[in-house]
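One structure is given below, represented as structure tokens, and several questions about it will come after.
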Amino acid sequence: MSGSSSAGIAKPVACTLITWLHFFGADFFKGPDMSASTESVLDVPFPSRSVASDAIYHQVDLLLASSHFRNSKRHQRLLTFLTQKHIDGDMQSLKERVIGIEVFDRKPTYDLTLDPIVRGAMADLRKRLALYYSESPHSSELRIEIPVGSYVPHIHWPELEDGNTSSEIAVAKAKLVLEATPLPVETSGGTTIPAVDRRLTVRRYLLAAVVACICAAAIFFMYRMSETQRQNRDLASFWKPLWNSENEILICAGTLNGIMHEPVVENDTWNHVTRTRNHLDPNVGAALVSVSSLLGAQGKHPYMRIADTTTLPDLRRQPSILIGGFNNQWTVRVQSNMRYRISRLIPDVSGVVDTKNGDASLGTFDFSAPVNSITKSYAIITRLNDPLTGQYVLSLAGLGSYGNSSAAEFVTTPAYFALFAKQAPKGWESHNIQVVIETSLVEGKTSPPKVIAFELD
């Protein structure tokens, strides 16, 4: 795709991403905040570290002597261990597995999932601390708290309450918060992740996946739209010289020239049956319908003449579309000065030849072959500014069954014409053009055309 096309896609995609980021918030793609689990938290304004440590030891003694701790050796050991490691700055020991081994005498290989003793004890420790500080005699003491999702103590002086909240309400709130908060889980790498953060992380990943899918779908949809628009522009550029004419467009259709081809039942070969008047080739008729429909969609109203009744003055009055190969003498005249042309090679066999390559054949058609043995048809599409008529001419010259109708489909279907436009050099629109296509036949139905050669003059 061109740079302008890429920019056209990038802009709406960027807008889509910005919209989604705004909707979910800037924190949407952030992982769990583990800062509380890896850094020491000490918010105590003491003149020195030793003085601060003494104050912490004193506060731990007060806690252990209280009714909330003095009857629980397990919680005494746990609180002492956490505060001591905090004072020592040993943050690596404040992890679930280490606590289980050092405080609760678990083996180093114990299963954290099957044995949640540390998480259970931590939940109970938080409740005991909350209940202790909810009592008015202790409201102004140095606070030791263990934030949910972390095993690192947070130590700070309390902020005095305004008196509007009773100790009973404070206790109830503490119980509600602590009981409703999921316990943390230690990962295989030893990192402690709160359960609530794990759920948030999963939700973030799910939402990120949804956003990624929506963005991918938007990019694909906009690419398809851009590709379709480009194909439509290329086809319009091909037709532009004819569409821009103020005169009506003449469609000159080939005939059977007094001969009607009918299959003989015995051997299913083409048998020539002489007629007394011209007949429109059904293959030419199908091409006529395709071309007329496209012109009608552009507000053009073409008129048609049979090739045998068309004269040179007719072709000089307006642009023309020539449909047919050997059965249209005007097609033969147009191709006479072009690189690619249809030519009779031997009796009953014709082919598309390259006059710049020693009349090498690009494909042949045997008119004497059984109908069900024919697998290929060919066509030459020629668009040129005809020096003889002074008008633009579009020639659709088919060779073999369905050749003319395949040529018409090629110049009226954007996706088919794109097969040429993608290969053509920049500026092809201003040149005389020849395109040779090949179509396969399977059980009487044509496959999409394939470009086998083209020439710009």
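FYI, it's all coordinate maths here, none of it is from the lab. Small disclaimer: the values here were computed from a predicted structure and weren't measured. As a convention, Cβ positions derive from the backbone with ideal geometry for all residues, glycine included, and neighbour counts pool all protein chains shown.
For Lys376, what residues show an amide H to amide H distance below 5 Å, using hydrogens built from the backbone and excluding near sequence neighbours?
Close amide H contacts, sequence-distant or interchain: Leu441.
Scan the stretch 400-450 for trypsin sites (Lys or Arg not before Pro) in coil per DSSP, keeping those whose Cβ has at most 15 other Cβ atoms within 10 Å, and list them by number.
Of the trypsin sites (Lys or Arg not before Pro), the ones in loops of the stretch 400-450 whose Cβ has at most 15 other Cβ atoms within 10 Å are Lys422, Lys426.
Okay, moving on. How much length is gained on full extension from Gln329 to Phe220, taking 0.36 nm per residue of separation minus their Cα-Cα distance?
So the chain would gain 34.5 nm between Gln329 and Phe220.
So, one more: Fewest to most neighbouring Cβ within 10 Å: what's the order for Val118, Val211, Val289?
Val289, Val211, Val118
If you average the alpha carbon positions of the stretch 299-351 and of the stretch 379-446, how far apart do those two centres end up, in angstrom?
Comparing the Cα centres of the stretch 299-351 and the stretch 379-446, I get a distance of 13 Å.
What are the ³J(HN,Hα) values, in whole Hz, obtained from phi via the Karplus relation 6.51 cos²θ - 1.76 cosθ + 1.60 with θ = phi - 60°, for each residue of the stretch 432-439 in sequence order, with x given for Gly and Pro?
Result, ordered by residue: 6, 10, 10, 10, 9, 10, 10, 10 Hz.
Can you put Met222, Met122 in order of Cβ neighbours within 10 angstrom, beginning with the fewest?
Result, fewest neighbours first: Met222, Met122.
Right, something else. What ranking of Ile219, Ile99 emerges when the number of other C-beta atoms within 10 Å of each C-beta is taken as an exposure proxy, fewest first?
Placing the least packed residue first, the sequence is Ile219, Ile99.
Here is a further query. Given points 7 Å out from each Cα along the Cα-Cβ axis, report the Thr311 to Asn357 separation in nanometres with one decimal.
Reported label-point gap for Thr311 and Asn357 is 4.2 nm.
Given H placed 1.01 Å from N in the peptide plane, which residues other than close sequence neighbours of Leu362 have an amide H under 5 Å from its amide H?
So Leu362 has HN proximity to Val352, Val353, Asp354.
Loop-only GluC sites (Glu not before Pro) in the stretch 362-455, please: DSSP not H, G, I, E or B, and at most 10 other Cβ atoms within 10 Å.
Glu443
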